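Undergrad: Have a look at the structure that comes next, please.
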Amino acid sequence: MGKISDQAKKRYSERIKEYKQVIEESKERENTALAEMKKDLTGAELVKLSLSEEVLNRISYYNLMNALSVSLLGVKNEGFLNDARKECYKSIIYLEEVVSNLIDVPFSDYEDKLDRIHDFSDQARYALIQKLGFSIQSVKDGFGENSKWKWSFVELEGRYATIIKNLLNLKTLIAGMDPRVDGYEIRLAHIDLMKNSLHQAADRYREKYELSTLRMDDFKLAIAYLSALRRVLLLIGQSNEVEGIKRKIDVWKSKMESDLKKQDTKKKIAK
């Protein structure tokens, strides 16, 4: 492409000045909230939920500034996209601190964390994970298919899927799955998103293993996400899908064991 004119750069700089200011004000609010939280940990979980959303709001401005760069200058702004990518991690970390990052474990391992946010409504939980999912996808789309960050998004999407699962209070969920109970559709949508996201996380880690890393850690994570899905479906009584997932887990475990043997054989030959 041709050289970007100084006039175009100036026009772009003027357009994004306001958005950069909004981002700085958001960071100040975050720092203030963190400082206050250190003085008094009462309600810290709800503060972190709020901070997670604060970060997501910043991501929308980074994405907007990149979109304006593409529109006005004809190039992506990799700096703003990378800032947005880092903010996706930050938002997820806040949520992991609230509900844990545990994948394939019994609900009792993190149940106490859900008890601390019982006032955070099902509707608010679903709205937050929708916003987080949209933010991650927007940043991913901004970078494009052939980005150097392509495989790092597998981790982001996997951690996102874990958050979706761990925000569900599995102890109270079954009682709330009666269509006559208020909020039924929201809870059903949350479950559907969890199922799709856990399955996608498994498939993406398997793809990462096959096409990029050949690391057993990635293959094990792929299986862990499938196992987590199976565990939750059994717990909430959606057993009609469990058998298919179990078959897929068995096939993948067999493949992993076969690959491990091949890798061990290659190591022995190399010696």
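The values are calculated or read from the model by the stated rules, or taken from the named source; none is laboratory data. Treat the numbers as computed from the prediction; the structure is a model and nothing was measured. Don't worry about glycine lacking a Cβ; one is built from the backbone with ideal geometry, like all the others, and counts go over all protein chains shown.
Undergrad: With (1) part of a helix (DSSP H, G or I); (2) of a type in the set (S, T, N, Q); (3) out of contact with any Phe, Trp or Tyr (no Cβ under 8 Å at 6 or more places or on another chain) as the list, and Ser197 as the residue in question, which single condition is left unmet?
TA: The one condition Ser197 does not meet is (3).
Undergrad: Consider the stretch 119-162. How many of its residues are surrounded by fewer than 20 Cβ atoms within 10 Å (Cβ to Cβ), free of Cβ contacts under 8 Å to residues at least 24 places away in the same chain and of a type in the set (Lys, Arg)?
TA: 2
Undergrad: Which of the residues spanning the stretch 108-119 are within 19 Å of the chain's Cα centre (by Cα) and not in a helix (DSSP H, G or I)?
TA: Tyr110
Undergrad: Test each condition in (1) touching a Ser or Thr at 6+ places or on another chain (Cβ under 6 Å); (2) over 30 Å from Asn82 (Cα atoms) for Leu234 and report the one that comes out false.
TA: Against the list (1) touching a Ser or Thr at 6+ places or on another chain (Cβ under 6 Å); (2) over 30 Å from Asn82 (Cα atoms), Leu234 comes up short only on (1).
Undergrad: Which of the residues that make up the stretch 243-255 are modelled with pLDDT of 95 or more, over 14 Å from Asp203 (Cα atoms) and of a type outside the set (D, E, K, R)?
TA: Within the stretch 243-255, Ser254 is the sole residue that qualifies.
Undergrad: Might you check whether a residue that is touching a residue at least 40 places away in the same chain (Cβ under 8 Å), in a helix (DSSP H, G or I), in contact with an Asp or Glu (Cβ under 9 Å, 6 or more places away or on another chain) and of a type in the set (Val, Ile, Thr) occurs anywhere in the stretch 9-31?
TA: So far as the stretch 9-31 goes, no, none of its residues is touching a residue at least 40 places away in the same chain (Cβ under 8 Å), in a helix (DSSP H, G or I), in contact with an Asp or Glu (Cβ under 9 Å, 6 or more places away or on another chain) and of a type in the set (Val, Ile, Thr).
Undergrad: Can you work out which of the residues in the stretch 169-198 that are free of Cβ contacts under 8 Å to residues at least 40 places away in the same chain and touching a Lys or Arg at 6+ places or on another chain (Cβ under 9 Å) is surrounded by the most Cβ atoms within 10 Å (Cβ to Cβ)? If you could, list the steps in order and put the result at the bottom.
TA: First, pick out the residues of the stretch 169-198 that are free of Cβ contacts under 8 Å to residues at least 40 places away in the same chain: 172, 175, 178-182, 184-185, 188, 192, 194, 196, 198.
The next check asks that each one be touching a Lys or Arg at 6+ places or on another chain (Cβ under 9 Å); those that pass are 181, 194, 198.
Details: Val181: 10, Met194: 24, Leu198: 27.
The residue in question is Leu198.
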